[in-house]
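Data block below; observations after.
The values are calculated or read from the model by the stated rules, or taken from the named source; none is laboratory data. Nothing here was measured: the structure is a model prediction, and the numbers come from that model. Glycine gets a Cβ as well: all are built from the backbone with ideal geometry, and neighbour counts include every protein chain shown. Just the protein is used for accessible areas: all its heavy atoms, side chains included, with ligands, DNA and RNA removed. Shrake-Rupley method; radii C 1.70, N 1.55, O 1.52, S 1.80 Å.
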Amino acid sequence: IEARGFIFGPPIALAIGAKFVPLRKPKKLPGKVISQEYILEYGRDCLEMHVGAVEAGERAIVVDDLIATGGTLCAAMDLLERVGAEVVECACVIELPELKGRERLNGKPLYVLVEYLEV
């Protein structure tokens, strides 16, 4: 997911022999796109993906830098599932567990490297 997720997504895709599909903010991808709007704690946003980048039946891992309330990850999963992909897992570098974003992932596994806990 845009943009820091791009630092982690390509090496993961390369390591597992998968393709990398960028999900970006509006009007940043050339060509035909599909979009998914979502609500954030501070307003609305949108993610876009190239039409045909993912086909029905393909399996996907959603990679981002941070999960807070889970809105962005949910929008990414919704976008992928709309085209028939199966989201099998999410992976983030940092989780802010107090914001309970993990609870919004409909039971999808979430792998995180660091949990940031307020002290």
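Any chance the stretch 106-115 includes a residue that's in contact with a Lys or Arg (Cβ under 8 Å, 6 or more places away or on another chain), closer than 15 Å to ARG4 by Cβ and at pLDDT 95 or above? Among the residues of the stretch 106-115, not one is in contact with a Lys or Arg (Cβ under 8 Å, 6 or more places away or on another chain), closer than 15 Å to ARG4 by Cβ and at pLDDT 95 or above, which makes the answer no. In the stretch 23-32, which residue that is within 16 Å of the chain's Cα centre (by Cα) and of a type in the set (D, E, K, R) is surrounded by the most Cβ atoms within 10 Å (Cβ to Cβ)? Within the stretch 23-32, the match that is surrounded by the most Cβ atoms within 10 Å (Cβ to Cβ) is ARG24. Sub-6 Å Cβ pairs linking a first residue in the stretch 18-31 that is without any contact (Cβ under 8 Å) to a residue 40 or more places away in the chain and within 22 Å of ARG59 (Cβ to Cβ) to a second residue that is part of a loop (DSSP other than H, G, I, E, B) and open to solvent by less than 70 Å² (accessible area, probe 1.4 Å), at least 6 apart or interchain, are VAL21/ALA53; VAL21/VAL54; ARG24/GLU2, ordered by first then second residue. Being touching an Asp or Glu at 6+ places or on another chain (Cβ under 9 Å), at positive phi and either open to solvent by 60 Å² or more (accessible area, probe 1.4 Å) or not acidic (Asp, Glu) (or both) is a description that applies to GLY70.
The set of residues in the stretch 92-119 that are among the small types (Gly, Ala, Ser) and surrounded by 20 or more Cβ atoms within 10 Å (Cβ to Cβ) contains only GLY101.
Flag: LEU40 matches the condition of being out of contact with any Asp or Glu (no Cβ under 9 Å at 6 or more places or on another chain), more than 23 Å from GLU86 (Cβ to Cβ) and of a type in the set (A, V, I, L, M, F, W, C).
Scanning the stretch 33-57 for residues being out of contact with any strand residue (DSSP E or B) (no Cβ under 7 Å at 6 or more places or on another chain), at pLDDT 95 or above and surrounded by fewer than 17 Cβ atoms within 10 Å (Cβ to Cβ) gives a total of 4.
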